[in-house]
There are 2 protein chains.
Amino acid sequence: MTGILKERLFTPGPTPLLMEAQARALTATLHHRTESFRQLMRETSEHLRYFYGTKNDVLIFSSSGTGAMEGAIANLVSPGERILVGTAGKFGERWLDLAKAFGIEAVKIEAPYGCPLPMEEFDRQLRSNGAFRAVYIQATESSTGVSHDVQTLGRMVRNHPETALVVDAITGLGTTALDPDGWGLDVVIGGSQKALMVPPGLAFASVSEKAWKLIEKSKSPRYYFDFAKERKSQAKGETSYTPATTLVVSLHAALGYIRQIGRENLIENAAMLAQATREAARALGLKLFAQGSPANALTAICAPEGLDSGAVVKEMRQRFGAIIANGQGTMKGKIFRLAHLGYYDAPDLFAALAALEITLNKVGHQCELGSGVRAAQEIYLKRSA
Amino acid sequence: MTGILKERLFTPGPTPLLMEAQARALTATLHHRTESFRQLMRETSEHLRYFYGTKNDVLIFSSSGTGAMEGAIANLVSPGERILVGTAGKFGERWLDLAKAFGIEAVKIEAPYGCPLPMEEFDRQLRSNGAFRAVYIQATESSTGVSHDVQTLGRMVRNHPETALVVDAITGLGTTALDPDGWGLDVVIGGSQKALMVPPGLAFASVSEKAWKLIEKSKSPRYYFDFAKERKSQAKGETSYTPATTLVVSLHAALGYIRQIGRENLIENAAMLAQATREAARALGLKLFAQGSPANALTAICAPEGLDSGAVVKEMRQRFGAIIANGQGTMKGKIFRLAHLGYYDAPDLFAALAALEITLNKVGHQCELGSGVRAAQEIYLKRSA
C-alpha cells in the first residue's frame, strides 16, 4: 500500500451497501418465532410489494437469487412438460441448466451475446409449437448489459391461460420500469445484493394468481423452495425455515430508504448513470457491447482494440481499489462491466470514470483525460433539474 | 430527495471516518480501570508517538483540540508572563483569546489572512523584546489554508532556554512533514477528527523535556488539562478522568491503519491531493486564497468574481450532498475550502471536482466541464508510479 486506497464496488452485485441499513441490523436482537419478527416480516413484504410495484405475494427466501430461480422451475413445471426459454447470456443459460436438472424439456430462443432476444420468435413458438407450461427470460441480462422487452412478452403470454411468464429481474428491479400486474409477469425474481443495497443472502419471488393455479399442478420435487408452503407461512409473517434475520432487518431498512426517495427516482437514477456511462465510453473511444436496448443496471464495454479487458479490471483494482467486472465465460477478456444499480450517485460515477481514464492510458489505450467525465457531466445536467 | 444523494465530507474536520476503526469500537466492551484498557492506552500512546514522529510524551485528552490548546497556555505560562503569538487567521486568534482568558500578556505577530507569518519578525521579537515564556503558532492555519515554516521558528526558539515553542498542528499532523524532536517543537497539539480519521472528541499534546521543566514553574490555574498530572496517569496507561473509551478504541485502530500505509505516505497523499486541487482551481479560472506556502491539509479557493462563496457551498450540498467549508469570520462569503486531510483518495477528489465544475456553472461561473478533473488527473499521474 502506498497511500489511501478505498475499495469501491462497481460490480453488478454485490453493490455498495447502505450503511444505515447495515447499522440497523447490528442493534437487532430478535428471534424469528416472535411477534416482533413477524411484524418486521409483514412490513418488509409490504415494502417489497411497493418496490416490485405489485399486489401479488412477494415471497422471501434465505438464498441467493438462483434459489428462487430454481423455485420458479420446480413449482411451476412437472417432469415431461415443456418450457420456452429465452437465452442471450450466462443468466439465460442458467434457466436451461435448471430445466435440465429437473428433467424438463426446454425449447430455447437464442440471441448472440450482446443482442436482445427477438420477441416475435416467442410469439411464433407460443402460437405454433404446442403447449408450454412457462416462459423464462431475464428482464436484464447482467452478463451482457442488455435489457429485454418483457412488456411485449407479457402481452403474448397472457393469451395462454396454461402458461406462466417467469422473469428473472434480479438486476432489473429498481433499474427498469416493470409492471408485473399490468404486464402479466407471473413470477418475478429478485435478489438482495442488487438495487436493494444490502448484502447477498435473500432472494424474492412475486407470484400472480395465474401462477398460483399452475403451481397446484406441478409434480416436480421441491422442499426448501416450496412456494405454496412459503405463501402460507409468510401470510402469518413467518418463514417455513430459519430466515437470515439480520439480512431481513437490513432489507427492511433499505426498503424504507427506497420508499423515501421513491421507486421511480431510484430507476431514473440508474437510467441517468447508465446513459452517462455510455456517452463517456463513446467519448473515450470505446465500443459498447450491447447492440440495442442497453440495460440501466450495468454497462458492458468492449475492451480497447488489441487489449484484454482483464488488464483494465486489474489496473482499476490495483491502482484505485475500484472493483469492476470482467466478462463471464467466453466474454472474459473481451468486455468489462460497470454497474449502476442501487446505491450509486453521480459523484460515484465521476470518480469511476476519472479512474477509468487514467487506467485506460496506463494499459495502452490513449484517451483524453477528463473527456469521459465531461460526457457524463453533460448527461447529468441534461437529466437533472 | 429526488434520487440517491450520498453525504460526503470535504471539510477540514470532521473528516471522513475510517469505518473499520468505527466498527472496532462497536464491539469493545471495556472499563477504563482495567488492565485491558491500560494495554490499549499504552499501545495507542506508542502509535501516537509514531504518528507524531517524536520520542516525547504524547498526552491524550477527552476534549476537542481547543482543550489541549488551553492546556498549552495554562501549563506553561503564569499570569504576568509574556508570550509571543503568531496570528494569521481564526486559529491564531484563538491563542490570543486563550492568553486573555488566563491574564497573560500576548505580543502578536500578524500577517493578513491568506499570507504566511513572517519568520524574521519572530526572531526580531525574541532577540530584542525581552523574555517570552512561550511562542505560539499554527503549523497550518485551517481558516486560510496557509502553512507556516515551524522548522525555521524551531531553530530560533531553541536559542532561548526559558521559552517553549507551541505548535497547533491539529490540521498539520498527517498532512505536513513535522519533526518535533529535530526541530525543537516543544508542545505539538493534535485532534482526532482530522488526519486521524476518527470522530471529534480526543485531543493530543506532545511535550518535550524542555517544556516539562517550564511546566513545573507555571502558576496558572488548571485542573482537567493538567499536563503533569496526566503524564503520571498515562505513564501507567490510565487517564486522570474518565476517557472517551470508544474513541480511544477507534483511534487505536485508525493509527494501526496509518502505520500500515506509513506516515510518510499519508502525508504524500494529502500533498498530492492538495497540489491537484490547486491545479484544478486554476484550470477552472479560480484564484487561490493562500499567497505562498499553501497547506496540504486543505485548499482555500476564492469565490468566483462577483459571487458569494456561500452559493457554491450551498449548491454543492443541495445538489451533491458534498459538504465543503465556507470562509470563517470576515472571510465568510469570500472563500470556500476543500480538505485533503485523512481518509481521502484520488477518486474522492475527482468526484468532488466534477461536482464542483457543475456547481460553478450552475451558480454563474462558466468553466469547461472536465477541465478541473483533468488538471487533477495530470498531477495524480505525475506524483504516482
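The values are calculated or read from the model by the stated rules, or taken from the named source; none is laboratory data. It should be emphasised that the depicted structure is a prediction, and the values quoted were computed from it without experimental measurement. Neighbour counts are summed over all protein chains in view; Cβ atoms, including those assigned to glycine, are modelled from backbone coordinates with ideal geometry.
Taking the condition crowded, with 17+ Cβ neighbours inside 10 Å, closer than 22 Å to A:Ala177 by Cα and not aromatic (Phe, Trp, Tyr), does A:Leu284 pass? So that I can check it myself, show each step before the final result.
Numbers: crowded, with 17+ Cβ neighbours inside 10 Å: yes; closer than 22 Å to A:Ala177 by Cα: no; not aromatic (Phe, Trp, Tyr): yes.
Here the answer is no, as A:Leu284 does not meet what is asked.
Of the residues B:Leu266, B:Leu251, B:Leu255, B:Leu247, only one is at pLDDT 95 or above, within 19 Å of B:Met19 (Cβ to Cβ), within 14 Å of chain A (Cβ to nearest Cβ) and surrounded by 16 or more Cβ atoms within 10 Å (Cβ to Cβ); which?
The conditions single out B:Leu266.
Per-residue answers, yes or no, for (1) at pLDDT below 95; (2) within 13 Å of another protein chain (Cβ to nearest Cβ):
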| site | (1), (2) |
| --- | --- |
| A:Met1 | yes, yes |
| A:Leu9 | no, yes |
| A:His32 | yes, no |
| A:Leu59 | no, no |
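Being in contact with a Lys or Arg (Cβ under 8 Å, 6 or more places away or on another chain) and at pLDDT 95 or above is true for just one of B:Glu209, B:Glu216, B:Glu238. Which residue is that? Spell out how you get there, then give the answer.
Numbers: B:Glu209 fails: in contact with a Lys or Arg (Cβ under 8 Å, 6 or more places away or on another chain); B:Glu216 fails: in contact with a Lys or Arg (Cβ under 8 Å, 6 or more places away or on another chain).
Only one candidate passes the filter, namely B:Glu238.
How many residues does the range A:328-354 hold that are outside any helix (DSSP H, G or I), more than 14 Å from chain B (Cβ to nearest Cβ), surrounded by fewer than 24 Cβ atoms within 10 Å (Cβ to Cβ) and not polar (S, T, N, Q)? Write out each step before concluding.
First, pick out the residues of the range A:328-354 that are outside any helix (DSSP H, G or I): A:328, A:332-345.
Next, from what is left, pick out any that are more than 14 Å from chain B (Cβ to nearest Cβ): A:328, A:332-337.
When the remaining residues are screened for being surrounded by fewer than 24 Cβ atoms within 10 Å (Cβ to Cβ), the result is A:328, A:332-334.
After this cut, where a residue has to be not polar (S, T, N, Q) as well, the list is A:332-334.
Residues flagged as outside any helix (DSSP H, G or I), more than 14 Å from chain B (Cβ to nearest Cβ), surrounded by fewer than 24 Cβ atoms within 10 Å (Cβ to Cβ) and not polar (S, T, N, Q) within the range A:328-354 amount to 3.
Answer yes or no: is there a residue in the range B:74-85 that is over 30 Å from B:Ala303 (Cα atoms) and of a type in the set (Asp, Glu). Show your work before the answer.
Initially, the range B:74-85 is screened for residues over 30 Å from B:Ala303 (Cα atoms), giving B:74-84.
Within this subset, residues satisfying the condition of being of a type in the set (Asp, Glu) are B:81.
Yes, the range B:74-85 has at least one match.
Looking only at residues that are more than 18 Å from A:Gly174 (Cβ to Cβ) and of a type in the set (Val, Ile, Thr) in the range A:47-74, which one is surrounded by the fewest Cβ atoms within 10 Å (Cβ to Cβ)?
Per the stated criteria, the residue is A:Thr66.
Going through the range B:87-101 one residue at a time, which ones are surrounded by fewer than 19 Cβ atoms within 10 Å (Cβ to Cβ) and either in a loop (DSSP other than H, G, I, E, B) or within 17 Å of the chain's Cα centre (by Cα) (or both)?
Pass one, the range B:87-101, residues surrounded by fewer than 19 Cβ atoms within 10 Å (Cβ to Cβ): B:90, B:93, B:96-97, B:100-101.
Residues satisfying the conditions are B:Lys90, B:Glu93.
Sort out which residues of the range B:303-327 are among the aliphatic types (A, V, I, L, M), surrounded by fewer than 22 Cβ atoms within 10 Å (Cβ to Cβ) and assigned to a loop (DSSP other than H, G, I, E, B), and write them in order of number.
Passing the criteria: only B:Leu307.
Could you go through the range B:221-229 and let me know if any residue there is crowded, with 22+ Cβ neighbours inside 10 Å, within 14 Å of another protein chain (Cβ to nearest Cβ) and within 24 Å of B:Lys194 (Cα to Cα).
No, the range B:221-229 contains no residue that is crowded, with 22+ Cβ neighbours inside 10 Å, within 14 Å of another protein chain (Cβ to nearest Cβ) and within 24 Å of B:Lys194 (Cα to Cα).
Can you find a residue in the range B:365-372 that is without any contact (Cβ under 8 Å) to a residue 24 or more places away in the chain, assigned to a loop (DSSP other than H, G, I, E, B), crowded, with 20+ Cβ neighbours inside 10 Å and at the interface with chain A (Cβ under 8 Å from one of its Cβ atoms)?
Yes; the residues of the range B:365-372 include at least one that is without any contact (Cβ under 8 Å) to a residue 24 or more places away in the chain, assigned to a loop (DSSP other than H, G, I, E, B), crowded, with 20+ Cβ neighbours inside 10 Å and at the interface with chain A (Cβ under 8 Å from one of its Cβ atoms).
Testing A:Glu43 on (1) free of Cβ contacts under 8 Å to residues at least 60 places away in the same chain; (2) more than 14 Å from every other protein chain (Cβ to nearest Cβ), one condition comes back false. Which one is that?
Checking A:Glu43 against (1) free of Cβ contacts under 8 Å to residues at least 60 places away in the same chain; (2) more than 14 Å from every other protein chain (Cβ to nearest Cβ), the one that fails is (1).
Return yes or no: is A:Val107 β-branched (Val, Ile, Thr), more than 26 Å from A:Arg231 (Cα to Cα) and in a strand (DSSP E or B)?
On the way: β-branched (Val, Ile, Thr): yes; more than 26 Å from A:Arg231 (Cα to Cα): yes; in a strand (DSSP E or B): yes.
In short, yes.
Condition check: touching a Leu at 6+ places or on another chain (Cβ under 7 Å), acidic (Asp, Glu) and surrounded by fewer than 24 Cβ atoms within 10 Å (Cβ to Cβ). Does A:Glu279 satisfy that? First the steps, then the outcome.
Details: touching a Leu at 6+ places or on another chain (Cβ under 7 Å): no; acidic (Asp, Glu): yes; surrounded by fewer than 24 Cβ atoms within 10 Å (Cβ to Cβ): yes.
It is false that A:Glu279 is touching a Leu at 6+ places or on another chain (Cβ under 7 Å), acidic (Asp, Glu) and surrounded by fewer than 24 Cβ atoms within 10 Å (Cβ to Cβ).
Report yes if some residue within the range A:125-147 is on the phi > 0 side of the Ramachandran plot, touching a Leu at 6+ places or on another chain (Cβ under 7 Å) and in contact (Cβ under 8 Å) with a residue 60 or more places away in the chain; otherwise report no.
Taking the range A:125-147 first, the residues on the phi > 0 side of the Ramachandran plot are A:130, A:145.
Adding the requirement that they be touching a Leu at 6+ places or on another chain (Cβ under 7 Å) leaves A:145.
In the following step, the residues that additionally are in contact (Cβ under 8 Å) with a residue 60 or more places away in the chain were identified as A:145.
Yes, the range A:125-147 has at least one match.
Based on this model, can you work out whether A:Leu273 counts as farther than 21 Å from A:Asn75 by Cα and within 14 Å of another protein chain (Cβ to nearest Cβ)?
On the way: farther than 21 Å from A:Asn75 by Cα: yes; within 14 Å of another protein chain (Cβ to nearest Cβ): yes.
Against the criterion (farther than 21 Å from A:Asn75 by Cα and within 14 Å of another protein chain (Cβ to nearest Cβ)), A:Leu273 qualifies.
With the condition kept exactly as written, say whether any residue in the range A:113-136 is under 15 Å from the mean Cα position of the chain (by Cα) and either assigned to a helix (DSSP H, G or I) or assigned by TED's automatic domain parsing to the domain that holds A:Lys210 (or both).
Step one: filter the range A:113-136 for residues under 15 Å from the mean Cα position of the chain (by Cα), giving A:136.
From the residues that got through so far, the ones that are either assigned to a helix (DSSP H, G or I) or assigned by TED's automatic domain parsing to the domain that holds A:Lys210 (or both) too are A:136.
Yes, because at least one residue in the range A:113-136 is under 15 Å from the mean Cα position of the chain (by Cα) and either assigned to a helix (DSSP H, G or I) or assigned by TED's automatic domain parsing to the domain that holds A:Lys210 (or both).
If A:Thr299 satisfies all but one of (1) within 14 Å of chain B (Cβ to nearest Cβ); (2) under 21 Å from B:Ile4 (Cα atoms); (3) not charged (D, E, K, R), what's the number of the condition it fails?
Every condition holds for A:Thr299 apart from (1).
Which members of the range B:110-122 meet the condition of being of a type in the set (A, V, I, L, M, F, W, C) and buried (at least 20 other Cβ atoms within 10 Å of the Cβ)?
First, pick out the residues of the range B:110-122 that are of a type in the set (A, V, I, L, M, F, W, C): B:111, B:115, B:117, B:119, B:122.
The answer is B:Ala111, B:Leu117, B:Phe122.
Please work out which residue is surrounded by the most Cβ atoms within 10 Å (Cβ to Cβ), limiting yourself to the range A:123-143 and to residues that are of a type in the set (A, V, I, L, M, F, W, C) and farther than 20 Å from A:Pro294 by Cα.
Step one: list which residues in the range A:123-143 are of a type in the set (A, V, I, L, M, F, W, C), which gives A:126, A:131-132, A:134-135, A:137, A:139.
With the extra rule that they be farther than 20 Å from A:Pro294 by Cα, the set shrinks to A:126, A:131-132, A:134-135.
Values: A:Leu126: 19, A:Ala131: 10, A:Phe132: 24, A:Ala134: 29, A:Val135: 27.
My answer is A:Ala134.
Yes or no, residue by residue, for (1) among the β-branched types (Val, Ile, Thr); (2) under 27 Å from A:Arg133 (Cβ atoms); (3) not in a loop (DSSP other than H, G, I, E, B):
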{"site": "A:Ala211", "(1), (2), (3)": "no, yes, yes"}
{"site": "A:Ser218", "(1), (2), (3)": "no, yes, no"}
{"site": "A:Pro221", "(1), (2), (3)": "no, yes, no"}
{"site": "A:Glu230", "(1), (2), (3)": "no, yes, yes"}
{"site": "A:Ser233", "(1), (2), (3)": "no, yes, yes"}
{"site": "A:Thr242", "(1), (2), (3)": "yes, no, no"}
{"site": "A:Ala253", "(1), (2), (3)": "no, no, yes"}
{"site": "A:Tyr257", "(1), (2), (3)": "no, no, yes"}
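Here are some residues: B:Glu357, B:Glu378. Which one is on the phi < 0 side of the Ramachandran plot, among the acidic types (Asp, Glu), in a helix (DSSP H, G or I) and buried (at least 22 other Cβ atoms within 10 Å of the Cβ)? Before the answer, list the steps.
Values: B:Glu378 fails: buried (at least 22 other Cβ atoms within 10 Å of the Cβ).
Going through B:Glu357, B:Glu378 in turn, the sole match is B:Glu357.
Here are some residues: B:Leu353, B:Leu349, B:Leu381. Which one is without any contact (Cβ under 8 Å) to a residue 60 or more places away in the chain, closer than 20 Å to A:Glu368 by Cβ and aliphatic (A, V, I, L, M)?
Numbers: B:Leu353 fails: without any contact (Cβ under 8 Å) to a residue 60 or more places away in the chain; B:Leu349 fails: without any contact (Cβ under 8 Å) to a residue 60 or more places away in the chain.
Result: B:Leu381 is the single residue among B:Leu353, B:Leu349, B:Leu381 that is without any contact (Cβ under 8 Å) to a residue 60 or more places away in the chain, closer than 20 Å to A:Glu368 by Cβ and aliphatic (A, V, I, L, M).
Return the residues of the range B:289-309 that are in contact (Cβ under 8 Å) with a residue 40 or more places away in the chain and within 20 Å of the chain's Cα centre (by Cα); say none if nothing qualifies.
Answer for the range B:289-309, where residues must be in contact (Cβ under 8 Å) with a residue 40 or more places away in the chain and within 20 Å of the chain's Cα centre (by Cα): B:Phe289, B:Ala290, B:Gln291, B:Gly292, B:Ser293, B:Pro294, B:Ala295, B:Asn296, B:Ala297, B:Leu298, B:Thr299, B:Ala300.
Of a type in the set (Lys, Arg), in contact with a Cys (Cβ under 6 Å, 6 or more places away or on another chain) and not assigned by TED's automatic domain parsing to the domain that holds A:Val150: does that describe A:Lys314? Steps first, answer last, please.
Details: of a type in the set (Lys, Arg): yes; in contact with a Cys (Cβ under 6 Å, 6 or more places away or on another chain): no; not assigned by TED's automatic domain parsing to the domain that holds A:Val150: yes.
The answer is no for A:Lys314.
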